[in-house]
Amino acid sequence: MRDHSQRSACILLFVSVVIVPSGVIGYPSSVFAQIGHEQEHPLPGAAGPETTLRAFGTVEWAASQLREVPNSFSLGQLSLFVTSNLTESVSVLAEIVLEGHSPDTQVVTDLERLQLTFRLNDFFNISAGRYHSGIGFYNAAFHHGTYFEIPIGRPRVFKFEDDGGVLPIHELGVTVRGVVPHTGSSLRYVAEVANGRVWTPVAEEGTTERGPDANDAKSTNVGVSYRPERWRGFEVGTSFYRDTIFQTATSAVDHHIAAIYAVYRTPSTELMAEWLRLTHVTEGSTYHNDGGYVQASKAWGKLRPYYRFDRLAINPATPFIGAIGSYKAHIVGLRIDPVKWVGLKAQYERTDESGQYGVNGVRTQLVFVF
Amino acid sequence: MTRVVFIASMCALLLATAVRARPREVSINQENPAGALAIVVNQANPVDGLTLGELRRIFMFDTQTWPNGRRITVVLRDKGQPERGEAIRRVCDMSEAEYDDHILFQTFRGSIGWGPRSIMSASAMLRFVFNAPGAIGYVPADQVEGTKVLRIDGLLPSNPGYPLRRGARGR
């Protein structure tokens, strides 16, 4: 009995001292990584769609020397920005904007963007849905994100359609973007085909496309941009947009927009310049219109002074947009970011518009992300 | 005698368990010169090295796929950890707040499907990169295990002039 016990103890000792450590050393180190951790930190889409909601809010105050325009606080847009990764390659983006337009608490809700994107690789990304057209730089860069804009307000040429804008800011169709191969991510392209803008008199709401196209003609937009690696933050680009707009059942207007831009953007410095030519061609007549801006800002700690020159020159005889009128403004202001995700802007504006010249005004805007 | 053998056996078992619980650490070299940061990828990743500019483009989400077409998953340490800000500063030459702003802006533009993943520790970073074929992360150069270390500008962390060591000038 005693011998049996001793034999068992020795066997146990042999196993614990020799066999088990051998097995420990013999295990590939990869096993340590796998055991019990295979479900940690799943890749996007592995455990189902991952949806993230962010919101961008704006509160404003404005005053003008025009007696008929009282100084006033106003709510800007509340932009709900939703993204979701369905798989490693497929994602969804939606931007829902709530705007207070009336003196009471009513808000207007707009589905500004809704697009599903398939990313094959860096060279080919295709999206379908409603998106901001890739005309120039500003539109597809800033969307409805007032937090990201340094000055208050968009350049006049990039105003939204329902705010008297001259461009097809939103499109409903398909957009393809990517890096041109063998350029080391320096050269990029965009190509879009969409319904085009539904043109109605400027004074009416709903001048943008939301539903079915009004005609068979589709708008197209192509653009290229160059971001040299040697000059980080610098980008130049150009785009060309065309569409056919029917004035009546039998007469059409060829609508062309050529854009060129140069920007230099780093966390502390922003220099931007864009120029667009809008051309409307009818039978026997061609109407040229120009718009653009130059913008500069520099951050010193939390303070960021800025300046913008803004210009829109409209030929009054131009179909669809002739009544909008020309515009010129000098804007100088200061932005302060007291805490992360909050910005406070204050600016002085001197504008020429709608037959009124040298109108002085001040605006302040509080922007935040949450 | 039996009691002694039994106690010795139990001690050996306990010792073996402790050894098994601590992953065997294998350094690619025996020193971590001046706090060098090793860039690690999955062992199946065909890429062996990157320039600092290419690495920066990956962290900034200008490049989002590997040459074999697999989606790149950038893995950083959790927000608030000094290792996160340090890596962002060395690779991207910007502060953590500026980087967060950049990621949000690119996400808002629709250029990014998802941003970087956040991981709590170096060991968790290694486990993630080990399990995710497209992942790229970073650990101190003396804590590499089970992953492939990329050459940056042709250099390993132990080589003089390695660009991701403390005090090295980024581009």
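Summarised in one figure, the compactness ratio Rg/Rh of region B:30-152, Cα atoms and Kirkwood Rh, is 0.93. Here the calculated FRET efficiency for residue A:334 and residue B:79, from their Cβ-Cβ distance with R0 = 30 Å, stands at 0.55, rounded to the nearest 0.05. A viscosity of 1.306 mPa s and a temperature of 10 °C, combined with the Kirkwood radius over Cα pairs in Stokes-Einstein, give a translational diffusion coefficient for region B:116-171 of 128 µm²/s. Rounded, prolate or oblate: which one fits region B:72-128, using the alpha carbon gyration tensor with axes a ≥ b ≥ c (rounded when a/c is under 1.5, else prolate when a/b beats b/c, else oblate)? Cα axes put region B:72-128 in the oblate bin.
Cβ-Cβ distance of residue A:163 and residue B:95, R₀ of 30 Å, FRET efficiency by 1/(1 + (r/R0)^6): the value works out to about 0.25. The label-point distance for residue B:106 and residue A:303, in a model that sets each label 7 Å from Cα toward Cβ, rounds to 3.2 nm. Taking Lys and Arg as +1 and Asp and Glu as -1, the other residues whose beta-carbon sits under 15 Å from that of residue A:84 total 0. Please report the relative contact order for region A:48-369, taking Cα pairs under 8 Å with a sequence separation of at least 6, and give it as a percent rounded to a whole number. About 14 percent, as a whole number.
The distance linking region A:310-335 with region B:75-113 is 38 Å (Cα centroid to Cα centroid, whole angstrom).
Summary of packing: across the peptides A:127-140, B:153-166, the per-residue average of other C-beta atoms within 10 Å ranks them, highest first, as A:127-140, B:153-166. Placing unit charges on each Cβ (+1 for Lys and Arg, -1 for Asp and Glu) gives region B:30-152 a dipole about its Cα centre, and among B:132, B:95, B:50 the Cα reaching farthest toward its positive end belongs to B:132.
With a simple spin-label model that places each label point 7 Å from the Cα along the Cα-to-Cβ direction, the separation between residue A:353 and residue A:222 comes to 3.6 nm.
A simple spin-label model places pseudo-atoms 7 Å from Cα toward Cβ; at residue A:98 and residue A:323 they are separated by 3.3 nm.
Partners of residue A:328 within straight-line reach, counting lysines whose Cα lies under 22 Å from its Cα and excluding those fewer than 8 residues away in the same chain: A:159, A:345.
Counting only Cα atoms, the size of region A:48-369 along its three principal axes is 50, 50, 43 Å, in decreasing order. Computed from the C-beta positions of residue A:283 and residue A:109, the FRET efficiency with R₀ = 51 Å rounds to 0.80.
Each reported figure results from applying straightforward, stated rules to the coordinates on display, with no laboratory input. In this text the structure is predicted, and so the values were computed from the model without any measurement. Note that each Cβ is placed from the backbone with ideal geometry, even for glycine, and that neighbours are counted across all protein chains shown.
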